[in-house]
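What follows draws every value from the coordinates through simple rules; no lab data is involved. Since this is a predicted model, take the numbers as computed values, not measurements. Here Cβ is always computed from backbone atoms with ideal geometry, including for glycine, and neighbour counts include all displayed protein chains.
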Amino acid sequence: MSTEALDNTGARAAPMPNRAAGGGVRPVPFRGGGFQPRPVGLVSPLVFVALIGLWELGSRTGLISNVALPAPSQAFEAFLDLVRTGTLWTHLGASLYRLALGWTFGSLLGIAVGLMIGLFSLARAGLVPLVSALFPIPKIALLPLFIIWFGIGEGSKVATILFGTFFPTVIATYGGVDNVDRNLIRMGQSFGLSWLSIVRKIIVPGALPAILSGFRISVSIAVVLLVAAEMIGAQHGIGAYILMAGSLFATDQLIAGVAMLSVLGLTIAWLIGRAESYFLKWRR
Amino acid sequence: MELVLRDISHDYGATQVLRDISLTIGAGEIVCVVGPSGCGKSTLLRFIGGLERPDRGEVLMSGEAPAGCLNPLTYIFQDFALLPWRSVAGNVSLVLEDRDLGAARMREIVDDVLARTKLSDFRSAWPRQLSGGMKQRVAIARALSVSPAVMLMDEPLSALDAQTRELLMDDLVELSSRERFSACYVTHNLAEAVRLGHRIVVLSRRPGRIREIVAIDMPLAERAAHMAELERVQRDVWLIMRDEAQQADRELAGVD
């Protein structure tokens, strides 16, 4: 027996065995916890600010050559130039118009076709192989064809985005319909609900979570295709602006353009998040 | 209204499920169907409500459904089958919306059934906020809202813990003494069967045939006070079932 054990017997009524040596009383080691992401408020803006701050500092001190990478302040200056000359709205407006038109119609068509595949065996048999065959084709490769079909103007660009959005939406939608709890459908039938009611009140809301997460993917695809299409043949638009800046080696403008895309992506992701918390408020 | 089952037989592929089931569910009668697992109890219930068709035999309704009955054969499911995107009241009104009742009448029915199942305070709660017992009460309210002639209950209490099961059993007994509904109650729990059944139909192992029908004459409301007698009935039913259950158990382990 060690002296510590003797001390314990002196202090307490019941003798406490040695805490340190093997076999004595000791706390059960804690092995739980972790694997549970929790929101940490200010971290993400701080990371952004720190990164941009370091970059600015590097440029100012000459550590980062201006030829290799312009300072954030220079990029911001290029952006302010855009605002002052008013061309910002020409570019941004053209891009947003194409994006909104292409994505909206692509999504609507995709949801319609996805529901058909989910609901009708004939549509499923006929369309699923087609979707699988066409989905992996990079839509930008078809842009020349689209230009012939829909004209060099807005038509071809909107069509590229529309097709790019359409396929992932179809897949997300019919996957969502397939995952609707069959018991709920059976319940609807057992209460004599009409076919349309079952689709409207049970199947569509049940597939909505999958459709909304499909939106996250289709929007990113749409932005990528937008820029690609605008780089190939457009006078205005963020893609055209970036391409022009690139060919003039105006790297400050290039960074400004890319930053605009990034902000666009963030904004859309935020909007979808809002839509999710509104439409799926029953979840949590 | 009466339900008559005539010579029902059914196979799933090579698996024989049910053989020659003939049974009558009288008006105001609760018939409990018990049997070893996999004997086709739930399948039988789906035939009775017209969710599936038997290979042979037929299910007949005789007599008029009571006045005001919107959905004569109404299910209560083991997993409650509530729409998670609808509130308690919304889940009840779901089954009324296709019926051209008018908003006022619909609201009246919803209020009434929620009051009868003691859910009035929870009308705008989401299903995820409710306990299992509460969810099943919502499902019962939903079933009551269409004033069924026959309730088809597929192990309605099996997903609940023992205490909740007791509470809901009391609720069902109280409800049946007030409304005199008829029901086909499928369960594997013999204690539920002897508490709620006017007759207990014991099915054999697969393929399910009727082994025996045990009638219990005691009114449901008095049963809670006569547990000892019920215990005896329960033991008798168990003795009938035991061999079947044992062999069914071995069969599954051996074949599958």
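Could you list all residues from segment A:176-195 that are at the interface with another protein chain (Cβ under 9 Å from one of its Cβ atoms), part of a helix (DSSP H, G or I) and either touching a Ser or Thr at 6+ places or on another chain (Cβ under 8 Å) or more than 15 Å from residue B:78 (Cα to Cα) (or both)? Residues satisfying the conditions are A:188, A:189, A:190. Of all the numbered requirements in (1) within 14 Å of chain B (Cβ to nearest Cβ); (2) free of Cβ contacts under 8 Å to residues at least 24 places away in the same chain; (3) over 25 Å from the mean Cα position of the chain (by Cα), residue A:199 misses one, and that requirement is (2).
Please work out if residue B:60 is surrounded by fewer than 18 Cβ atoms within 10 Å (Cβ to Cβ), free of Cβ contacts under 8 Å to residues at least 40 places away in the same chain and either under 20 Å from the mean Cα position of the chain (by Cα) or more than 15 Å from residue B:183 (Cα to Cα) (or both).
On the way: surrounded by fewer than 18 Cβ atoms within 10 Å (Cβ to Cβ): yes; free of Cβ contacts under 8 Å to residues at least 40 places away in the same chain: no; either under 20 Å from the mean Cα position of the chain (by Cα) or more than 15 Å from residue B:183 (Cα to Cα) (or both): yes.
It is false that residue B:60 is surrounded by fewer than 18 Cβ atoms within 10 Å (Cβ to Cβ), free of Cβ contacts under 8 Å to residues at least 40 places away in the same chain and either under 20 Å from the mean Cα position of the chain (by Cα) or more than 15 Å from residue B:183 (Cα to Cα) (or both).
Taken over segment B:124-140, the criterion of being more than 22 Å from residue B:170 (Cα to Cα) and surrounded by 16 or more Cβ atoms within 10 Å (Cβ to Cβ) is satisfied by B:126, B:127.
On the stretch given as segment B:144-163, residues that are touching a residue at least 40 places away in the same chain (Cβ under 8 Å), outside any loop (DSSP other than H, G, I, E, B) and under 15 Å from the mean Cα position of the chain (by Cα) total 5. Sub-7 Å Cβ pairs linking a first residue in segment A:52-63 that is under 18 Å from residue A:256 (Cβ atoms) to a second residue that is of a type in the set (S, T, N, Q), at least 6 apart or interchain, are A:56/A:73; A:59/A:66, ordered by first then second residue.
Of B:191, B:125, all but one fail to be in contact with a Ser or Thr (Cβ under 7 Å, 6 or more places away or on another chain), of a type in the set (A, V, I, L, M) and either more than 14 Å from chain A (Cβ to nearest Cβ) or not in a helix (DSSP H, G or I) (or both); the exception is B:125. Looking only at segment A:113-146, residues that are more than 24 Å from residue A:181 (Cα to Cα) and in contact with a Phe, Trp or Tyr (Cβ under 7 Å, 6 or more places away or on another chain) come to 4 in all.
Taken over segment B:66-108, the criterion of being more than 16 Å from the chain's Cα centre (by Cα), at the interface with another protein chain (Cβ under 7 Å from one of its Cβ atoms) and over 21 Å from residue B:125 (Cβ atoms) is satisfied by B:98 alone.
Any residue in segment A:209-219 that is surrounded by 14 or more Cβ atoms within 10 Å (Cβ to Cβ), part of a helix (DSSP H, G or I), more than 14 Å from chain B (Cβ to nearest Cβ) and among the aliphatic types (A, V, I, L, M)? Yes, because at least one residue in segment A:209-219 is surrounded by 14 or more Cβ atoms within 10 Å (Cβ to Cβ), part of a helix (DSSP H, G or I), more than 14 Å from chain B (Cβ to nearest Cβ) and among the aliphatic types (A, V, I, L, M). Every test in (1) within 14 Å of chain A (Cβ to nearest Cβ); (2) touching a residue at least 60 places away in the same chain (Cβ under 8 Å); (3) in contact with a helix residue (DSSP H, G or I) (Cβ under 7 Å, 6 or more places away or on another chain) is passed by residue B:30 save one, and that test is (1).
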